[in-house]
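Below you'll find the structure, written out as structure tokens, and then a few comments.
The values are calculated or read from the model by the stated rules, or taken from the named source; none is laboratory data. Just so it is clear, the model here is predicted, and its values are computed rather than measured. Ideal geometry is used to build each Cβ from the backbone, glycine not excepted, and the neighbour counts take in all protein chains shown.
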Amino acid sequence: MKTIHLVIEDKPIIAPEGINIFQASLDNGIYIPGLCYHPKLSQFGGCRLCMVEVTERRTGHRFACAHPVSEGMIVKVNTPKVIRYRKSVMEYLLVHHELSCPICDKAGECSLQDITHELNQSPSRFKAVRMDYPMVRDNPVLELNRNRCILCGRCVSTCKEIEGIAAIDFQNRGIKTVIGTAFDRPLECSFCGGCVAVCPTGAWQDRTLGFKGRSWEFSKVPTICPYCSVGCTIILNTKMESVRRVTSDDYLGINEGNLCIKGRFGHEFIHSPERIKTPLIRKNGELYPTSWDEAIEYVAKRFQQIKNEHGGTAIGGIGSEKCTNEDNYLFQKFCRSVLGTDNIDNMANIKSPALNGLIYESVIHGMTSASLKEIEHANTLFFIGADMTEAHPVAGSMARKAIRLNNANLIIANVRGVQFNSIARNDIRLKYALGSQIILINALIKVIIDEKLVDLEKVETSTNNFDKLRSLIDKFDREEASKITGVTQDAIRNAALLLTKPGNCYIICGKDIEENPLAEDAIRALMNLCALLNPAYRGDAGSGKVSLFFSRSHNNSQGVNDVGVVPGFLPGYVNINDASNKEKIEKSWGVKFPDTILKKDAENVIDLALNSKLKALYIMGENLVVNYPNGKKIKEACKKIDFIVVQDTFLTETAQLADVVLPAATFAEKEGTFTNMGMTVQRINKAVKPVGDAKPDWQIICSLAQKMGHSCSYVSPKEILTEIETISPMYAGINYDRLKRKEFHWASSVSNKNKSTRYTFSMVKPRSSEIRKNKDFPFVLLTGASLNHQGTFSRHSKSLMSVAPECFVEINKKDAQVLQINNGDRVAIESDQNKLTLKAKVTSKLPERVVFVSEDYEWVPVNILRDRVHTSVKIYKETV
Amino acid sequence: MNDQSTKNETIDISKVEKILEDYKNTRGAVIPVLQKAQAAYGFLPEPVIDHIAQSLNMSADEIIGVATFYAQFHLKPRGHHIVKVCCGTACHVKNAKALSSKVREKLKINVNETTEDKLFTFEEVSCLGACGIAPVVMIDEEVHGEVSPDKLNDVLDNYKKSGV
């Protein structure tokens, strides 16, 4: 990139060509007052404040945000003339702006207030004309006070460019211009709160704050969001040991200050009155509060007793997708070394058992080498089976950035017509038939091979098995594929053409692929596709990157697997039966694994319980009863277990079945690390003291281990992470203190070490997953993520509950017509397992004979209907 | 959304559907579509805006942002005859205010409003460019120069008589 030399305020500066003076100053720590320019938004040039004196060929005055840097340019920011101009602009702005600073939540962090103060603004020469617009308060989280608005347009740009929604725009013209919605209808948006974050005045406000403190009273603790697996950095604003609001920082973390509704407004659960504050113990069938001493002693005694009578393997453990790496590491260490059981698992692994191995393989082959933030630099984006808007909204914003700044191409393949607003020039939507994903991927591969879109000779020399793949693909018919998938041949071809274009190509594999019974085949087919798309074989040899991302559900769904809460695998995906590794770990932990651990049953924890082989179950941070994708089975399994210990923040459905409940601290009350779906390890920071007697999970596990006679004397998660590093080569080079400043991306270090690995194509037969047709149950139930809710936390966050109080069943328009179901009708969904009544939402997004219910509304246990991934159901109008 | 569509039941969406056919996958289609839709409906009804938004893959909010910016677009039904009273400098000097009052008094509507019988819409405009014959009132495409309140009364009566 060409660089430009210029001088700003007597400071010589080197800036990339094409950026404006404002950005160049910002990058070099020179302050220019401005209200409408924002580095992450497109230039607007509306506030007129950033006037500077510019000498190019001659001297003149320019707006810094609208004028590009040029060679030899001299910029002066604070000449008397510029300051006089700036003062008069402020004078005009303040004619209308009500000076309600004493009752404005923005005071103290308001750019308008700061600039007024800094310019030493004297009383205005004009008569102040205050506007008298009513407050817009039509939703539970955002409020708009138009009297404070200076029409800088930041919120409008954010809504359009970052969220892709454009729920607000300038309305009217001239003096009557306001920010608002069409026909003043209530705000209909994703409630990401981006408008609040960029607003330079107090016009947009966070209603969850609502006068709970002044901005200067808050201590601000950066940490990682506890909801989805993107791993956004959020700033907890605390006062007197309570979290009052969440803000974001444009320069911290991977999210550039962008958040979704859950991240920004879903913090109220931390201080929910429903938190468990003391340990609970079951006596005479009821849970009673007790002391930590009694609870720990009782649990230790029972565990020891069961271990002595039935062996350690009679105890199972379920780790948490929401707890830190350190909590989970200690959990599996406790289970393996103290209890002597390998019957441990986590929900992510239970739902898609093949995934861990495949991800690790993909990392080894350098196919999963990019971190999530690199999506911003994509040239082609391919989302398959992923609903970015609902499941990973901020990664969606990163994608929109790539589309806006790099003109990235977009391909979205999904069974449902998922919503993803973009301005991509090439925007291909492949709505494939349920279960035909492997055929679709193979059809893409076929087009690439048939039309020689990549250098096939190079592929052949640098990989194994390519000839076999070729002969397999040769037999495969494009027309047939088009017929089965329901996607036109043209669309498939166009998608393949876009995929092979030069530049960075990022593929995001979604939950629909990962949790499918044919997950392994589909992901292997995707890996074949990635191998073909390697930049070395494309026209642009060497430049560009191809990376495959795997969707994960929760904040630490990746980490819980990485640190070994997986049957058969020690931390870092080390096979427990691998003698040398086992020895290393035994030595490090100072234990000897009993032989029973190694004789691995094929059954998972829940199957063992069903077969009455499990006497006790230790569950950490997981609402197993609700989240297990087979409601009937898990219920029966839990009944057969004598002793259940649940360690959680709320009295979930699972905790209600427990014999002992141990109160755990939330993410805001502890230290540790989370690993996001891009394999980036980030640190969380303690912002407040745990409520009541709650303790961080790792401390609870430590006291249990000590009670059972093992030394377990960690003083902080730092020590635990250091131990993880010594045990697992995957984490080599991680440093707890350094994580405070810079995140750690384990995938890139692992794939760098394995650079020479040759890829071997897997032979994936193009086949559809079988959807059992059933006359009595003619519909197929699909489940998926929800933007507004996830897990136990969101349901205890007041604001999220008021934005999305109800879970809907989505049904296709045609089916709805036949069944005479209208929007909002109460309908019953019934499978051969159970029945659920929900409100209907008629949509054109779904294919016929498919209904969709989100599984993230935890109080709507959709899993009670399911016994497999594509459960057959019937749906009918509930008669009162 | 539902109650809005019932409120405007009389709106026939098919006209705008036809207009939109010509603008499929065209960038920068908003203004021409709005102009044609307004020509077809006389104004821009809410369901029509929603329909345009959906077909152009934009939000209604953005479209209304455009529509409210330009004076040429109208979101309220307009009358059969548009009465434009010029308030430019020359007309103002020649007492255009009296003409505005006359219209207000005669048609019983304020500026930018439409009579109940949908016959007249009253607008005040900045300058019609006919300062030589000030004060000027323009009704539809017809310019009436050197109007007095009484003369305007007669002119309006004529329009009233001829009806739609």
Inset, instruction - Would you be able to say whether some residue in segment A:626-640 is β-branched (V, I, T) and either in a loop (DSSP other than H, G, I, E, B) or closer than 22 Å to A:P690 by Cα (or both)? - result: no
Inset, instruction - Restricting attention to segment B:68-83, report how many residues are assigned to a loop (DSSP other than H, G, I, E, B) and either β-branched (V, I, T) or within 14 Å of chain A (Cβ to nearest Cβ) (or both). - result: 7
Legend entry - Every residue from segment A:401-437 that is over 18 Å from A:H377 (Cα atoms), within 14 Å of chain B (Cβ to nearest Cβ) and charged (D, E, K, R): A:R429
Legend entry - Hits in segment A:414-426 (condition: surrounded by fewer than 18 Cβ atoms within 10 Å (Cβ to Cβ) and either closer than 12 Å to A:L498 by Cβ or at pLDDT 95 or above (or both)): A:R425, A:N426
Legend entry - Meets criteria (without any contact (Cβ under 8 Å) to a residue 40 or more places away in the chain, more than 18 Å from A:F334 (Cβ to Cβ) and either touching a Pro at 6+ places or on another chain (Cβ under 9 Å) or among the basic types (K, R) (or both)) for A:K755: no
Inset, instruction - State the number of residues belonging to segment A:261-283 that are loosely packed, with under 15 Cβ neighbours inside 10 Å and touching a residue at least 60 places away in the same chain (Cβ under 8 Å). - result: 2
Legend entry - The listed residue being surrounded by 19 or more Cβ atoms within 10 Å (Cβ to Cβ) and among the acidic types (D, E), out of A:E286, A:E256: A:E256
Inset, instruction - Confirm whether A:A370 is among the aliphatic types (A, V, I, L, M) and away from chain B (no Cβ under 14 Å). - result: yes
Inset, instruction - Taking A:E217 as the residue in question, decide whether it is of a type in the set (D, E, K, R), more than 14 Å from every other protein chain (Cβ to nearest Cβ) and surrounded by fewer than 24 Cβ atoms within 10 Å (Cβ to Cβ). - result: yes
Inset, instruction - State whether the residues of segment B:20-39 include one that is under 30 Å from A:G824 (Cα atoms) and either at pLDDT 95 or above or within 14 Å of chain A (Cβ to nearest Cβ) (or both). - result: no
Legend entry - So B:I64, is it in a helix (DSSP H, G or I) and either within 21 Å of A:F420 (Cβ to Cβ) or within 11 Å of chain A (Cβ to nearest Cβ) (or both): yes
Legend entry - Filter result for the condition that a residue is in a loop (DSSP other than H, G, I, E, B), crowded, with 24+ Cβ neighbours inside 10 Å and at pLDDT 95 or above, over A:A386, A:A399: A:A386
Legend entry - helices (runs of 4 or more DSSP H) wholly inside segment A:754-850 containing at least 2 residues that are more than 29 Å from the chain's Cα centre (by Cα) and crowded, with 21+ Cβ neighbours inside 10 Å: none
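If we keep just the residues of segment A:346-377 that are among the charged types (D, E, K, R) and either buried (at least 22 other Cβ atoms within 10 Å of the Cβ) or under 30 Å from A:A408 (Cβ atoms) (or both), which is farthest from the chain's Cα centre (by Cα)?
Checked segment A:346-377; the qualifying residue farthest from the chain's Cα centre (by Cα) is A:E361.
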Legend entry - Lone unmet requirement of (1) more than 13 Å from A:I318 (Cα to Cα); (2) surrounded by fewer than 22 Cβ atoms within 10 Å (Cβ to Cβ) for A:R552: (2)
Legend entry - Flag if B:K102 is in contact (Cβ under 8 Å) with a residue 24 or more places away in the chain, in the same structural domain as B:N158 (by TED's automatic domain parsing) and of a type in the set (K, R): yes
Inset, instruction - Check A:E878, A:E855 and return the single one that is acidic (D, E) and closer than 26 Å to A:V230 by Cα. - result: A:E855
Legend entry - Unique residue being more than 36 Å from the chain's Cα centre (by Cα), surrounded by fewer than 23 Cβ atoms within 10 Å (Cβ to Cβ) and of a type in the set (G, A, S) when the list is A:G72, A:G29, A:G46, A:G18: A:G72
Inset, instruction - Consider only pairs whose beta carbons are under 9 Å apart and that are at least six residues apart or on different chains; among these, list those whose first residue lies in segment A:288-310 and is free of Cβ contacts under 8 Å to residues at least 40 places away in the same chain and whose second residue is in a helix (DSSP H, G or I). - result: A:T290/A:Y298; A:K301/A:K707; A:K307/A:A314; A:K307/A:V338; A:K307/A:L339
Legend entry - Subset of segment A:155-196 (residues that are surrounded by fewer than 22 Cβ atoms within 10 Å (Cβ to Cβ), at negative phi and not in a loop (DSSP other than H, G, I, E, B)): A:S157, A:E161, A:F170, A:Q171, A:I175, A:K176, A:V178
Legend entry - Residue list for segment A:245-259, restricted to those being out of contact with any His (no Cβ under 9 Å at 6 or more places or on another chain) and either touching a residue at least 24 places away in the same chain (Cβ under 8 Å) or on the phi > 0 side of the Ramachandran plot (or both): A:T247, A:S248, A:D249, A:L252, A:G253, A:I254, A:N255, A:E256, A:G257, A:N258, A:L259
Inset, instruction - Quick one: which helices (runs of 4 or more DSSP H) lie wholly within segment A:223-334 and hold at least 1 residues that are under 19 Å from the mean Cα position of the chain (by Cα)? - result: A:261-265, A:325-333
Inset, instruction - Hey, could you check segment A:852-874 for residues that are in contact with a helix residue (DSSP H, G or I) (Cβ under 7 Å, 6 or more places away or on another chain) and outside any loop (DSSP other than H, G, I, E, B) and say which is nearest to A:N812 (Cα to Cα)? - result: A:V853
Legend entry - Within segment A:156-195, considering residues that are touching a residue at least 60 places away in the same chain (Cβ under 8 Å) and among the β-branched types (V, I, T), the one nearest to the other protein chains (Cβ to nearest Cβ): A:I165
Legend entry - Leading residue by the ranking (nearest to the other protein chains (Cβ to nearest Cβ)) among those in segment B:50-61 that are in contact (Cβ under 8 Å) with a residue 24 or more places away in the chain and hydrophobic (A, V, I, L, M, F, W, C): B:M58
